[in-house]
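Each remark here refers to the structure printed beneath this line.
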Amino acid sequence: MNDNVTAPLRARAEIDLGALKANVRSLRAHAPGAAFMAVVKADAYGHGMIPVARAAKEAGAEWIGAATPDEALELRAAGLTGRVMCWLWVPGDPWREGVEADLDMSVSGMWALREVTDAARAVGRTARIQLKADTGLGRNGCLPADWPELVREALSAQAAGHVTVTGLWSHFACADEPGHPSIAAQLDRFREMVAYAKERGVTPEVRHIANSPGTLTLPETHFDLVRPGIAMYGISPSPELGTPADFGLRPVMTLKANLALVKQAPGGLGVSYGHHYVTPGATTLGLVPLGYADGVPRHASGTGPVLIGGKRRTVAGRIAMDQFVVDLGGDEPAAGDEAVLFGPGDAGEPTAEDWAVAAGTIAYEIVTRIGSRVPRVYVDTGKKSAT
C-alpha cells in the first residue's frame with residue numbers, strides 16, 4: 001500500500017473503509033447478542049483482504065473468516081491477531097501451519113479430523129477445530145448420518161489433548177429467499193445436531209449458521225456468532241430482501257476509469273467485435289479502458305450502464321478484453337474524463353446490482369471478479385492510499 005500515489009490511474013476501484021466500518025456497526029446492531037465474524041474470503045470479495053480485515057476489527061469484529069488456509073495464513077502474516085477461522089480444506093493442506101498460527105479450522109469429515117490431529121501431534125500443540133454440519137445445503141459439512149462418528153472421534157481427540165472443539169456450525173442454502181421452507185428445516189436440523197453433540201460432551205464456544213441474509217432478517221438464527229459476507233460490503237444479499245439502504249448499509253466499492261479516447265463517428269459505423277452495435281447516426285464514441293480481463297462481465301455487452309458527464313450511458317457493442325465503447329450521443333467529453341461503472345448511486349451512477357441485472361448474475365460476482373490490474377484506492381476520513 002502506497003500512501004503517496006500521485007500518478008494518474010487508468011482505472012481504479014475506490015474502497016470506502018469508512019463505509020465498511022459503518023456497515024459493520026449497522027450489522028452488529030441487527031444481532032446485538034452475537035459476536036461478529038467479518039468474512040474476508042476471496043480478497044474480501046474483491047475489496048482487499050488485509051485493509052478490510054483491519055477496518056472490520058476497528059469497527060468491532062471479534063472474528064475474521066476466510067475460506068482457504070492460504071487466506072487465513074496471509075492474515076496472520078500481515079499481523080492480524082485474535083480469532084481467525086477458515087473452512088475450505090483439502091487433503092494435504094497446511095494443517096500444521098494452521099495449528100501453529102492458532103487458526104480455528106473447520107472439520108467436515110473424518111479425513112480432516114485425522115489430518116488436523118496428526119498435525120497437532122507433530123507440533124505438540126492443541127488444534128482449535130469447529131465441526132461443520134451439513135443441515136441441508138448439500139455442499140461442505142458432515143451429513144447427519146455421519147455426525148455421531150465425527151462427534152465421537154473429535155471428543156476422543158480432545159480427550160487426548162490434540163484438539164479443542166471451539167465451535168459447531170452450518171450454512172444456509174436459501175436464506176436469501178424469504179419464506180423458503182428449507183430455512184426452517186435447516187434450522188431445526190442444526191439445533192438437533194448441536195444438541196446431539198452437546199449431550200455427548202462437546203462444549204462449543206460458538207454456534208453459528210447466520211450468513212448475511214440470516215443476520216439481517218432471521219434473528220432466530222443468530223445464536224452465538226453471525227457471519228456477514230456480502231452485506232458487510234454494502235450490497236444486499238438479495239433484492240427481494242431489500243436494498244442496501246433498507247438495511248442501513250452503503251456500498252463500499254466504486255469502479256471508475258478515465259476515458260482513453262473520444263472521437264466523432266459517422267452513422268453506420270460498426271462498433272467493437274462482431275459489429276453487434278452500429279451507430280444510428282453521426283455521434284461521439286468514448287473508449288473506456290476496462291474489459292473482461294479486469295472483471296467487467298462480457299455478458300453485459302450492449303447492456304452495461306456507465307455514468308459519463310453526469311448522464312447514464314450504455315455499453316455499445318461487445319465488451320472486449322481490455323476496453324469497451326460507449327455511444328455518447330453527440331456529447332463530447334474529453335479524453336481523460338471520468339467514467340463511473342458502479343458505486344453507491346449517490347450521483348446517479350449505476351450500482352453493482354445494476355451491473356448484475358445487465359449481466360444476468362448476482363452482485364457478489366460483480367465486485368468479486370474485479371481483477372488485480374485494477375488498483376484499489378482506499379478512502380477513509382479524507383485519506384487516500386492505493387495498492
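The values are calculated or read from the model by the stated rules, or taken from the named source; none is laboratory data. Since we're looking at a predicted model, the values are computed, not measured. Note: ideal-geometry Cβ built from the backbone for every residue, glycine included; neighbour counts use all protein chains shown. Protein only, heavy atoms only, side chains kept; ligands, DNA and RNA dropped before computing areas. Shrake-Rupley method; radii C 1.70, N 1.55, O 1.52, S 1.80 Å.
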Considering (1) surrounded by 19 or more Cβ atoms within 10 Å (Cβ to Cβ); (2) assigned to a loop (DSSP other than H, G, I, E, B), say which one residue 203 fails and leave the rest. (1)
Given (1) closer than 30 Å to residue 220 by Cβ; (2) of a type outside the set (Asp, Glu); (3) assigned to a loop (DSSP other than H, G, I, E, B), number of the condition residue 161 does not satisfy: (1)
Only one residue in 312, 318 is free of Cβ contacts under 8 Å to residues at least 60 places away in the same chain, over 30 Å from residue 38 (Cβ atoms), open to solvent by 30 Å² or more (accessible area, probe 1.4 Å) and part of a loop (DSSP other than H, G, I, E, B). Which one? 318
In the range 128-148, which residues are part of a loop (DSSP other than H, G, I, E, B) and farther than 17 Å from residue 188 by Cα? 139, 140
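From 223, 190, which residue is assigned to a loop (DSSP other than H, G, I, E, B), within 25 Å of the chain's Cα centre (by Cα) and buried (at least 21 other Cβ atoms within 10 Å of the Cβ)? Outline the logic, then answer.
Working: 190 fails: assigned to a loop (DSSP other than H, G, I, E, B).
Of 223, 190, the one residue that is assigned to a loop (DSSP other than H, G, I, E, B), within 25 Å of the chain's Cα centre (by Cα) and buried (at least 21 other Cβ atoms within 10 Å of the Cβ) is 223.
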Residue 232 - would you say it is closer than 20 Å to residue 147 by Cβ, of a type outside the set (S, T, N, Q) and modelled with pLDDT of 95 or more? no
Identify all residues within the range 263-288 that are in contact with a Leu (Cβ under 8 Å, 6 or more places away or on another chain) and either closer than 26 Å to residue 352 by Cβ or among the aromatic types (Phe, Trp, Tyr) (or both); write none if there are none. 271, 285, 286, 287, 288
Among the residues that make up the range 96-104, is at least one of them closer than 21 Å to residue 56 by Cβ and out of contact with any Leu (no Cβ under 9 Å at 6 or more places or on another chain)? yes
Can you find, within the range 255-289, the residue that is nearest to residue 316 (Cα to Cα) among those that are open to solvent by less than 20 Å² (accessible area, probe 1.4 Å) and of a type in the set (Val, Ile, Thr)? 271
Just one of the numbered conditions (1) over 22 Å from the mean Cα position of the chain (by Cα); (2) under 27 Å from residue 82 (Cα atoms); (3) in contact (Cβ under 8 Å) with a residue 24 or more places away in the chain; (4) surrounded by fewer than 22 Cβ atoms within 10 Å (Cβ to Cβ) is not true of residue 159; which one? (3)
Close pairs from the range 81-96: first without any contact (Cβ under 8 Å) to a residue 40 or more places away in the chain and among the aromatic types (Phe, Trp, Tyr), partner surrounded by fewer than 23 Cβ atoms within 10 Å (Cβ to Cβ) and assigned to a strand (DSSP E or B), Cβ under 8 Å, at least 6 apart: 89/106
Could you tell me whether the range 109-132 includes any residue that is surrounded by fewer than 21 Cβ atoms within 10 Å (Cβ to Cβ), over 19 Å from residue 193 (Cα atoms) and touching a strand residue (DSSP E or B) at 6+ places or on another chain (Cβ under 8 Å)? yes
In the range 27-66, the residues that are surrounded by fewer than 19 Cβ atoms within 10 Å (Cβ to Cβ) and not in a helix (DSSP H, G or I): 32, 33, 60, 62
In the range 226-254, residue nearest to residue 362 (Cα to Cα) [restricted to those that are open to solvent by 30 Å² or more (accessible area, probe 1.4 Å) and in contact with a Gly (Cβ under 8 Å, 6 or more places away or on another chain)]: 244
Looking at (1) open to solvent by 30 Å² or more (accessible area, probe 1.4 Å); (2) not in a helix (DSSP H, G or I), which one does residue 175 not meet, given that it meets all the others? (1)
Under the condition of being outside any helix (DSSP H, G or I) and in contact with a Phe, Trp or Tyr (Cβ under 8 Å, 6 or more places away or on another chain), which residue from the range 326-383 is surrounded by the most Cβ atoms within 10 Å (Cβ to Cβ)? 341
